[in-house]
Structure formats: C-alpha cells, structure tokens
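Contents: one structure, followed by commentary.
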Amino acid sequence: DTEVTQTPKHLVMGMTNKKSLKCEQHMGHRAMYWYKQKAKKPPELMFVYSYEKLSINESVPSRFSPECPNSSLLNLHLHALQPEDSALYLCASSLSGGPTFVTGELFFGEGSRLTVL
Amino acid sequence: RKEVEQDPGPFNVPEGATVAFNCTYSNSASQSFFWYRQDCRKEPKLLMSVYSSGNEDGRFTAQLNRASQYISLLIRDSKLSDSATYLCVVNMERDSNYQLIWGAGTKLIIKP
C-alpha cells in the first residue's frame, strides 16, 4: 500500500469547472512532485516543491496551479482545463530534493484519473 | 537523440525464461540510475537503484556501464507477475539542475 494518498481517485469535470487534486504524505519527506501521465507514455514532470517552496515548474500552463500548504500536503488547482488535459495525475514524494539535486527514490500515490469533457 | 532511450517492446517471454533489456542515456555526467516498474493503470514503483558495481535483488540484476552509457535489467526465472512496463530513470543535469529523466518504458509480457 502506498504511503502517499491522493484524492479523488477519479474526477470528471467540464471545461469551465474549478476543481482541486489533493496529495498527502506522512513520511517526513521534504520534496513533493506533480506528474502527468498519458496512456502508454512515461510520467511527465509538472512541478517540484522542495521544503515547501516551488523549485521546478516545467512550463506548465497557468490553468494548473500548485499549492503546498505544508510539508505533508500538496494540492493541484484546476481551472478552465481542456479535453487534452485528461490524464492520470500522479503525486510523488522523496526524502529530499531541491533545485540542484533530486533523489531518484520517488514514492508515488495511486494517482487521480482526470477526464475533462 | 533522446536523453533516455528504451526499446518499447513488447517483449513476449515464456514463463521461466530469462529476459534482459537495456536503457541508454545521453549525458555522461549522469549521477544516479533507477528501474521503476509500472503495472497497467497503476502508479510507478521503484524496483531497483543501479549502483556502479552492479546489484542483485533475488531474480533481478541491474548493471551500469558508464563507458557505453547504458544500464541493464536482467530478470531470471520470469513469473507471470513480472508482466509490467519497466521504466528507466536517470538523474542527469539539465539547465544547471539535476533532474530525473524518464525513459518511455519497456513493456514485458510473460506468457504461460
């Protein structure tokens, strides 16, 4: 069982809706990540938070807005999404990570499967 | 050339056989290397870190060849439950940062 918990597991939203994905870990990890994964493709990095500060933003459109309220929580706010944004959104954490280094041992949540109509 | 390259497969292998696949990487200064396993519609999970001296975990052996810039994964006595996609991940420098770069994955199907 994963120690990274993501909610909701499934989400269907219209293009005008506002919704949020949530992620929580209690392993004391100081880096947290959002990845997007399309079918038969590898995970694609979106954002990295290190010590609650945004350290990497991989040129993600502004309709995706990350938030890290504290070291255990990570949110992804969604607004005005497009159908092509439908994907599996994976949250991950690692013991450490920062702008200049990343540990490879990522612990993933089960993901939130998003469908945009 | 892709930064991290894998044969997408699928590799169709009979149960009990040995299978190996490689992953090549472009940046010789890459620091660390990993194999993740991802089952269909599930999240990726770390299978093994890959050390310079090579490492073994039960039926799985990972090797690193820095001179030729590739890592390998060998699975012995394959089981039906080994069917999955195996993703190679390399920690390499990009834009003055070190980031995890993912290969596209190799699909493995173990047949009875």
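With both labels modelled 7 Å from their Cα along Cα-to-Cβ, the B:Leu46 to B:Ser96 distance reads 2.9 nm. Across the range A:28-89, the fraction of Cα-Cα pairs farther apart than 15 Å, rounded to a whole number, is 50%.
Build a GNM of chain B with springs between Cα atoms under 10 Å: which of B:Val13, B:Val50, B:Val89 gets the top mean-square fluctuation? Among B:Val13, B:Val50, B:Val89, the largest GNM mean-square fluctuation belongs to B:Val13. Each Cα pair under 8 Å and six or more residues apart adds its separation to the average, and for chain B the resulting relative contact order is 37 percent. Over the protein assembly as shown, the Kirkwood radius and the radius of gyration, each from Cα atoms, give a ratio Rg/Rh of 0.98. The distance between label points at A:Asn17 and A:Glu52 comes to 3.1 nm (points 7 Å beyond Cα on the Cα→Cβ vector). Could you work out which residue, out of B:Asp95, B:Asp39, B:Asp57, moves most in a Gaussian network model of chain B, that is, has the largest mean-square fluctuation with Cα springs under 10 Å? Comparing B:Asp95, B:Asp39, B:Asp57 in the GNM, the peak value goes to B:Asp95. Separation of the alpha carbons by more than 19 angstrom is noted, of A:Lys41/B:Lys107; A:Lys38/B:Lys42; A:Lys38/B:Lys107; B:Lys2/B:Lys45; A:Lys19/B:Lys45; A:Lys9/B:Lys107, for B:Lys2/B:Lys45; A:Lys19/B:Lys45; A:Lys9/B:Lys107. For the pair B:Ile109 and A:Ala80, label points projected 7 Å from Cα toward Cβ lie 4.4 nm apart.
Just to be sure I understand: with springs between alpha-carbon atoms less than 10 Å apart, which residue in B:Ala84, B:Ala29, B:Ala62 has the highest mean-square fluctuation in the Gaussian network model of chain B? For chain B, modelled as a Gaussian network with Cα springs under 10 Å, the answer is B:Ala29.
Over every Cα atom in chain B, the radius of gyration and the widest Cα-Cα span, Dmax, amount to 13.7, 47 Å. Just to be sure I understand the curve: with the Debye formula and one point per C-alpha of the range B:1-58, what is log10 I(q)/I(0) at q = 0.12, 0.20, 0.22 Å⁻¹? Log10 I(q)/I(0), no solvent term: -0.39, -1.09, -1.26.
Each value in this text was obtained by applying a stated rule to the coordinates, not by laboratory testing. Just so you know, these numbers come straight off a predicted model, no measurement behind them. Heads up, the Cβs are rebuilt from the backbone with ideal geometry, glycines too, and the neighbour counts pull from every protein chain shown.
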